[in-house]
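Below is one structure, written out as structure tokens; the observations come after it.
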Amino acid sequence: MSEHQKCQPTDVLIGNSAVIHRIREQLQRAALAEVPVLLTGESGTGKELAAKLIHDLGIRHKNSFIKVNCPAIPNQLFESEFFGHETGAFTGAKEATDGKCEQADRGTLFLDEIGELNLGLQAKLLHALQDFRVTRLGAIDERKIDIRLICATNRDLEVEVSEGRFRTDLFHRINVLRIQMPALRERVSDVPILLNHFINVYSMRFERKPETLSSSFLKMLESYHWPGNVRELENLAKQHVVLGTESTVSLLNGSEGRRTFTPGRTDLSNPLRTQTKRAILHLEKKIILGVLQSHNWNRTKTARSLGISYRVLLHKIKEAGLPVVRSNKQTSQDIG
């Protein structure tokens with residue numbers, strides 16, 4: 001699909017459940033209205049995909065879609081990142097640079113996890129959004145910007161407002177049209193469809209042909225609570241493609257006793273976010289190891305197959321505790 005070619009909702013939000021049909025319709029309606037949209041829902045439910053779909057179906061689809069991961073911007077760099085800077089505005093500013101707001105001019109600005117911004121940064125953002133004018137660091141004149149604003153959060157912003165962690169005026173500025181992205185457990189009938197889609201995608205990417213999953217295994221997946229939502233299912237599909245057999249995806253967590261992939265398993269010892277992160281990291285570790293092995297530990301080819309940069313791969317190898325070079329003793333069984 002070309003950069004400016006419009007996609008269809010069914011190409012992006014895959015599934016056939018009533019809830020996903022409703023979400024597609026809401027997103028199509030939102031795309032036609034030039035008002036701010038707030039996408040809410042748990043992590044891994046596809047909020048960024050939804051934002052891109054709104055942009056792609058709207059009148060701005062030929063212009064830029066600029067994503068800002070709000071938690072990733074250091075407080076001291078916020079103004080420079082958002083509003084840009086002039087030459088000499090600070091040490092190291094060797095040339096004038098557009099901020100994210102100017103980069104999104106005539107296009108869409110997507111603020112992901114906006115609920116993570118502290119109150120001071122929220123005030124600076126609100127000032128720019130009130131009349132869509134920005135002033136670069138080191139500049140005097142304001143610059144007019146024309147953007148479509150879409151925000152996303154996994155937090156309950158009403159609670160954040162009531163407890164003083166999110167500005168009321170900013171909340172009302174971004175909360176014009178709200179769409180709640182459903183958790184995967186709310187549309188479990190879509191699990192087999194999504195899984196088949198991801199397996200096809202990664203079978204082509206990794207040049208692997210895994211065995212067909214049994215109907216009983218698919219039924220078990222439908223009864224699982226999916227704390228990591230679609231992202232967790234996608235990682236499971238990667239694992240199946242890389243490791244090849246149904247039995248290898250029956251273990252989501254590695255521990256002394258090996259936890260099995262059990263429908264509705266209850267873990268009372270850790271919060272949901274901790275359990276989800278642990279499961280996803282374990283899946284990533286198995287996938288990375290499998291792809292490394294298939295490429296004879298060639299990290300450049302592995303990064304290319306996984307669709308990530310070489311630097312990110314090195315970080316993930318270190319994070320997963322994998323060796324930098326091949327070890328004859330390292331096999332997929334070591335992390336099963």
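The values are calculated or read from the model by the stated rules, or taken from the named source; none is laboratory data. Note that the coordinates shown come from a computational prediction; the quantities given were computed from them, not determined experimentally. Methodologically, a virtual Cβ is constructed for each residue, glycine included, from the backbone with ideal geometry; neighbour enumeration extends over all protein chains shown.
Screening Val230 with (1) assigned to a loop (DSSP other than H, G, I, E, B); (2) at pLDDT 85 or above gives one miss only, at (1).
Residue count for the stretch 208-247, restricted to those that are in contact (Cβ under 8 Å) with a residue 60 or more places away in the chain and acidic (Asp, Glu): 1.
Applying the set (1) among the charged types (D, E, K, R); (2) modelled with pLDDT of 85 or more; (3) in a loop (DSSP other than H, G, I, E, B) to Arg265 leaves exactly one unmet item: (2). Checked against (1) of a type outside the set (Gly, Ala, Ser); (2) without any contact (Cβ under 8 Å) to a residue 40 or more places away in the chain; (3) in the same structural domain as Leu281 (by TED's automatic domain parsing); (4) loosely packed, with under 15 Cβ neighbours inside 10 Å, Asp141 passes all but condition (3).
This table checks each residue for (1) in a strand (DSSP E or B); (2) of a type in the set (Phe, Trp, Tyr); (3) touching a Ser or Thr at 6+ places or on another chain (Cβ under 8 Å).
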{"site": "Leu77", "(1), (2), (3)": "no, no, no"}
{"site": "Glu81", "(1), (2), (3)": "no, no, no"}
{"site": "Thr87", "(1), (2), (3)": "no, no, no"}
{"site": "Phe90", "(1), (2), (3)": "no, yes, yes"}
{"site": "Gly115", "(1), (2), (3)": "no, no, yes"}
{"site": "Leu125", "(1), (2), (3)": "no, no, no"}
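Check the stretch 64-84 and report whether any residue there is under 22 Å from Arg185 (Cβ atoms) and β-branched (Val, Ile, Thr). Within the stretch 64-84, none of the residues are under 22 Å from Arg185 (Cβ atoms) and β-branched (Val, Ile, Thr). Would a scan of the stretch 21-31 turn up a residue that is under 25 Å from Asp146 (Cβ atoms) and in a loop (DSSP other than H, G, I, E, B)? Taking every residue of the stretch 21-31 in turn, none turns out to be under 25 Å from Asp146 (Cβ atoms) and in a loop (DSSP other than H, G, I, E, B).
Every listed requirement among (1) at pLDDT below 85; (2) within 21 Å of the chain's Cα centre (by Cα) is met by Arg258 save one, (2).
Of all residues in the stretch 144-168, those being within 25 Å of the chain's Cα centre (by Cα), of a type in the set (Val, Ile, Thr) and exposed (fewer than 15 other Cβ atoms within 10 Å of the Cβ) number 1.
Screening Leu126 on (1) over 27 Å from the mean Cα position of the chain (by Cα); (2) surrounded by 15 or more Cβ atoms within 10 Å (Cβ to Cβ); (3) under 29 Å from Val161 (Cβ atoms); (4) of a type outside the set (D, E, K, R) shows it passes everything except condition (1).
For every residue, the table says whether it meets (1) under 30 Å from Lys94 (Cα atoms); (2) in contact with an Asp or Glu (Cβ under 6 Å, 6 or more places away or on another chain); (3) not in a helix (DSSP H, G or I).
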| position | (1), (2), (3) |
| --- | --- |
| Ala139 | yes, yes, yes |
| Ala152 | no, yes, yes |
| Arg155 | no, no, yes |
| Val161 | no, no, no |
| Phe166 | no, yes, yes |
| Leu170 | no, no, no |
| Ile179 | no, no, yes |
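Would you mind stating whether Glu86 is buried (at least 18 other Cβ atoms within 10 Å of the Cβ) and either in the same structural domain as Ala31 (by TED's automatic domain parsing) or of a type in the set (A, V, I, L, M) (or both)? Spell out how you get there, then give the answer.
On the way: buried (at least 18 other Cβ atoms within 10 Å of the Cβ): no; either in the same structural domain as Ala31 (by TED's automatic domain parsing) or of a type in the set (A, V, I, L, M) (or both): yes.
So Glu86 fails the test.
For the stretch 105-123, taking the residues that are surrounded by fewer than 21 Cβ atoms within 10 Å (Cβ to Cβ) and among the polar types (S, T, N, Q), the one that is nearest to Leu170 (Cα to Cα) is identified as Gln122. Could you please let me know if Leu218 is within 29 Å of Gln28 (Cα to Cα), assigned to a helix (DSSP H, G or I) and aliphatic (A, V, I, L, M)? No. Among the residues of the stretch 141-150, the ones that are under 16 Å from His85 (Cα atoms) and either assigned to a strand (DSSP E or B) or touching a Phe, Trp or Tyr at 6+ places or on another chain (Cβ under 7 Å) (or both) come to 3 in all.
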